[in-house]
Amino acid sequence: MKTSLNSLKRGLIVASGLLLAGCELQEVTIVEVDPTVVAEVYVQIGGGQFGASQIVAFLHSTLDGTSVFDAAVPGATITVSAPGSGSVELGETAPERCLVLTNGEEFGSCYHFSQQGPPSATFPFGPGDLVELTIDLPSGDRMISQSRIPGDFQIEGIEDGLRCMVPPDTELPIRWTESPGTWAYINETTIFGLRAALEPRGIEVDEDPLQLLGLSVSSDDTEILFPSEFGIFDRFDLDQDVATALQNGLPAGTMAPVTIAATDRNYVNWARGGNFNPSGQVRVPSIQGDGTGVFATLVVRGFQAFSGPDAGQAGVLPLCQGS
């Protein structure tokens, strides 16, 4: 037994020596990394009554390891142009213009352009145009990109920007014509008045208004049921009783703007957030040069739906006919 114990001790000593030999500290060199500018630039064509055609750019800088850090990127010159159609320059504006991009969770600089002038004035770019982006930074750095705006399309049976009625608790089929060149359709609605509408049914609503997203992943996938097929990326977070109520249609007394957006490849490759990740596991940037980010284009069509006489619009608004 004594011999066995001595052999075991020698084995433990040898094993410990091997472990120590494998744990030698290696010299590590820390490399200082310069901050990188990230730009998110979106050209939106259309939007009905929910907003005119516009270009929005949000610029922010990555951390540079300093103790004092400002993510803002002021003083940039941002130009969007179409060969043969001229160009426009975005103006620096209040951050609130870009909150839709950042959800209020980031700091940076916002730039914006929308058509100024009478209602008859036309936006300089349209569906199908090839548009190019140039960002000149105060440092002298430059970022570039381009995108082909998706082709025009229309919601069948519902005029763009229409305010219309839907019968309570009745689903509305929404169909639209195909947008040439689109990579995906982003279908979005925000339902107002749910808390008061569902309270008589004993259903508690935590989120009012309630925003829901849907996704059609090919150019010929041009049909969706409203509102039951919206919110595909919110299924696991949405209250089950609320989700069940919406399977039948909008409850009486609610109102919901509905938008269908045809998006380009750059948009699809970049979009990530929560459960909404059409880009897959990682974002794929489309901006090149002395920075990174996305330059995306989309064409938006939409309408505003009111449900039932409790919405205060009975006898005034036409029916949302769909097709």
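The values are calculated or read from the model by the stated rules, or taken from the named source; none is laboratory data. The structure presented is a predicted model; accordingly, all values stated were derived computationally and were not measured. Using ideal geometry, Cβ is built from the backbone for each residue, glycine included, and neighbour counts are taken over all protein chains shown.
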Report task. Please find, within the range 62-100, the residue that is surrounded by the most Cβ atoms within 10 Å (Cβ to Cβ) out of those that are modelled with pLDDT under 75 and β-branched (Val, Ile, Thr). Result -> VAL100
Query - Close pairs from the range 274-300: first modelled with pLDDT under 85, partner among the aliphatic types (A, V, I, L, M) and surrounded by 15 or more Cβ atoms within 10 Å (Cβ to Cβ), Cβ under 7 Å, at least 6 apart - result: PHE276/LEU213; PRO278/ALA184; PRO278/LEU215; PRO278/VAL268; PRO278/ALA271; SER279/VAL268; SER279/ALA271
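Please go through the range 189-210 and give me each residue that is surrounded by fewer than 14 Cβ atoms within 10 Å (Cβ to Cβ) and in contact (Cβ under 8 Å) with a residue 40 or more places away in the chain, ordered by number. Working first, answer last.
Of all residues in the range 189-210, those surrounded by fewer than 14 Cβ atoms within 10 Å (Cβ to Cβ) come to 199-202, 204, 206.
Passing the criteria: only ARG201.
Residue under question is ALA57, and the condition is that it be at pLDDT 65 or above and farther than 20 Å from ALA271 by Cα; does it hold? Full working, then the answer.
Working: at pLDDT 65 or above: yes; farther than 20 Å from ALA271 by Cα: no.
Judged against the criteria, ALA57 is not a match.
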**Report entry** Search result, residues across the range 171-187 that are part of a strand (DSSP E or B), crowded, with 18+ Cβ neighbours inside 10 Å and not aromatic (Phe, Trp, Tyr)
**Finding:** LEU172, ILE174, ALA184, ILE186, ASN187
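Only one of THR189, THR182, THR134 is assigned by TED's automatic domain parsing to the domain that holds ILE45 and not charged (D, E, K, R); which?
Working: THR189 fails: assigned by TED's automatic domain parsing to the domain that holds ILE45; THR182 fails: assigned by TED's automatic domain parsing to the domain that holds ILE45.
Just one listed residue meets the conditions, THR134.
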Query raised in the report: Failed condition for GLY231, given (1) at pLDDT 90 or above; (2) surrounded by 21 or more Cβ atoms within 10 Å (Cβ to Cβ), with all others met?
Result: (1)
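So that you can scan it fast, the table gives a plain yes or no per residue for (1) assigned by TED's automatic domain parsing to the domain that holds GLY231; (2) outside any strand (DSSP E or B); (3) aromatic (Phe, Trp, Tyr):
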{"residue": "THR122", "(1), (2), (3)": "no, yes, no"}
{"residue": "ASP169", "(1), (2), (3)": "yes, yes, no"}
{"residue": "LEU198", "(1), (2), (3)": "yes, yes, no"}
{"residue": "LEU212", "(1), (2), (3)": "yes, no, no"}
Report task. Output the residue which, of all residues in the range 189-218 that are at pLDDT below 90 and β-branched (Val, Ile, Thr), is nearest to GLU229 (Cα to Cα). Result -> VAL217
